[in-house]
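Reading through the structure tokens given below for one structure.
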Amino acid sequence: MPSDPQRPPAPPVASAPAPAAPAARGHAAPATSASASPCDSDPSAGANSAPGSALASFASLGLPEPARTVAATFLPPAPVHAYIALGSNLGDRASHLRTALAALATTPGLRLLRVSSFHETAPVGGPPGQGPYLNAAALLETTLSPRQLLERLLATELLAGRTRSIPNAPRTLDLDLLLYADLAIAEPDLQVPHPRMWSRSFVVGPLSECC
């Protein structure tokens, strides 16, 4: 599928996440390793929410619930929508996010359809003294499999100098695959929908702008 050659416009920075949607049932949070998803099992930015509390649901954001579970290698017969989350709290945070979006927009098999504003949030957990995060979300159209999309997100993190050390460590770039069409993936290194997305205000706020 042809890629979108245009560089996405720079989203504005929001001083706080968008209002949370009504509470609904959330997902359990299984333990994962550092390579379990584009993001560690730790949050990439702050959220003043109780652990496990649901801030939104598929219905509240007008999204379809997963209808079936597929393998991570599933290739869609036609382009599908996928949602990702982005975060950074090291270096030029806005530049890291914009560079990642530009890289994804020029990836074969991907089209960047919508990008949220940038939300600044306080970190939660991890070593003390780390700086605040910028978080965002984006809607993609893709013909890539979930596995191929995950690999592209991980490669984009590496290009931004992402390193993995202790849990909740600061990072130049964090990319999460949140949703892939109306499908679920349940594999050791990839779980979709993202198992903690509904309890993270720094995900729900930006995501609500892309729905």
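The values are calculated or read from the model by the stated rules, or taken from the named source; none is laboratory data. A quick note: this is a predicted structure, and the numbers were derived from the prediction, not measured. For neighbour counting, all protein chains shown are included, and Cβ atoms are generated from backbone atoms with ideal geometry for every residue, glycine included.
Does the range 175-188 include one or more residues that are among the charged types (D, E, K, R) and more than 17 Å from Thr73 (Cα to Cα)? Lay out the reasoning, then the answer.
As a first pass, look at the range 175-188 and keep what is among the charged types (D, E, K, R): 176, 182, 187.
Narrowing further to those that are more than 17 Å from Thr73 (Cα to Cα): 176.
Yes: the range 175-188 contains one or more residues that are among the charged types (D, E, K, R) and more than 17 Å from Thr73 (Cα to Cα).
Here are the criteria: (1) part of a loop (DSSP other than H, G, I, E, B); (2) within 16 Å of Leu159 (Cα to Cα). Tell me which single one Ala94 does not satisfy.
Single failed check for Ala94: (1).
Condition check ((1) modelled with pLDDT under 50; (2) in a loop (DSSP other than H, G, I, E, B); (3) of a type in the set (Lys, Arg); (4) in contact with a Cys (Cβ under 8 Å, 6 or more places away or on another chain)) across all residues:
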| residue | (1), (2), (3), (4) |
| --- | --- |
| Ala34 | yes, yes, no, no |
| Ser37 | yes, yes, no, no |
| Ala45 | yes, yes, no, no |
| Ala59 | no, yes, no, no |
| Gly62 | no, yes, no, yes |
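Just the residues that are in contact (Cβ under 8 Å) with a residue 24 or more places away in the chain, farther than 16 Å from Phe202 by Cα and not in a strand (DSSP E or B), please, taken from the range 114-133. First the steps, then the outcome.
Restricting attention to the range 114-133, the residues satisfying the condition of being in contact (Cβ under 8 Å) with a residue 24 or more places away in the chain are 114-127, 130-133.
Checking the rest, the ones that are also farther than 16 Å from Phe202 by Cα come to 114, 126-127, 130.
Within the range 114-133, Gly126, Pro127, Gln130 meet the criteria.
Filter the range 143-159 for residues that are surrounded by 20 or more Cβ atoms within 10 Å (Cβ to Cβ) and under 15 Å from the mean Cα position of the chain (by Cα); which is nearest to Thr172 (Cα to Cα)? Can you show your working first?
Our first condition is that a residue be surrounded by 20 or more Cβ atoms within 10 Å (Cβ to Cβ); within the range 143-159, this holds for 144, 146, 149-150, 152-153, 156-157.
Next cut, under 15 Å from the mean Cα position of the chain (by Cα) only: 146, 149-150, 152-153, 156-157.
Values: Pro146: 23, Leu149: 20, Leu150: 18, Arg152: 16, Leu153: 13, Thr156: 11, Glu157: 8 Å.
Ranking the qualifying residues of the range 143-159, first place goes to Glu157.
Can you find a residue in the range 184-197 that is closer than 21 Å to Pro66 by Cα, in contact (Cβ under 8 Å) with a residue 40 or more places away in the chain, touching a strand residue (DSSP E or B) at 6+ places or on another chain (Cβ under 6 Å) and β-branched (Val, Ile, Thr)?
Looking through the range 184-197, at least one residue is closer than 21 Å to Pro66 by Cα, in contact (Cβ under 8 Å) with a residue 40 or more places away in the chain, touching a strand residue (DSSP E or B) at 6+ places or on another chain (Cβ under 6 Å) and β-branched (Val, Ile, Thr).
Sort out which residues of the range 169-181 are within 20 Å of Glu151 (Cα to Cα) and not aromatic (Phe, Trp, Tyr), and write them in order of number. Before you say what the answer is, go through the steps one by one.
Residues of the range 169-181 within 20 Å of Glu151 (Cα to Cα): 171-181.
Those that are within 20 Å of Glu151 (Cα to Cα) and not aromatic (Phe, Trp, Tyr): Arg171, Thr172, Leu173, Asp174, Leu175, Asp176, Leu177, Leu178, Leu179, Ala181.
I'd like the full set of residues that are in contact with a helix residue (DSSP H, G or I) (Cβ under 9 Å, 6 or more places away or on another chain) and among the polar types (S, T, N, Q), limited to the range 149-163.
Matches in the range 149-163: Thr156 only.
Against the condition of a type in the set (Lys, Arg) and in a helix (DSSP H, G or I), how does Arg111 come out, does it pass? Break it down stepwise before answering.
Numbers: of a type in the set (Lys, Arg): yes; in a helix (DSSP H, G or I): no.
No.
Within the range 116-135, work out how many residues are crowded, with 16+ Cβ neighbours inside 10 Å and either over 20 Å from Val192 (Cα atoms) or touching a Cys at 6+ places or on another chain (Cβ under 7 Å) (or both).
Number of matching residues: 12.
Among the numbered criteria (1) small (Gly, Ala, Ser); (2) touching a strand residue (DSSP E or B) at 6+ places or on another chain (Cβ under 8 Å); (3) surrounded by fewer than 19 Cβ atoms within 10 Å (Cβ to Cβ), which single criterion is violated by Ala138?
(3)
Assuming Arg162 fulfils every condition listed in (1) at negative phi; (2) in contact (Cβ under 8 Å) with a residue 60 or more places away in the chain; (3) of a type outside the set (Val, Ile, Thr); (4) crowded, with 16+ Cβ neighbours inside 10 Å apart from one, which condition is it?
Among (1) at negative phi; (2) in contact (Cβ under 8 Å) with a residue 60 or more places away in the chain; (3) of a type outside the set (Val, Ile, Thr); (4) crowded, with 16+ Cβ neighbours inside 10 Å, Arg162 violates only (2).
Per-residue answers, yes or no, for (1) touching a Leu at 6+ places or on another chain (Cβ under 7 Å); (2) in a strand (DSSP E or B):
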position: Leu158; (1), (2): no, no
position: Ala169; (1), (2): no, no
position: Leu175; (1), (2): yes, yes
position: Pro195; (1), (2): no, no
position: Val204; (1), (2): yes, no
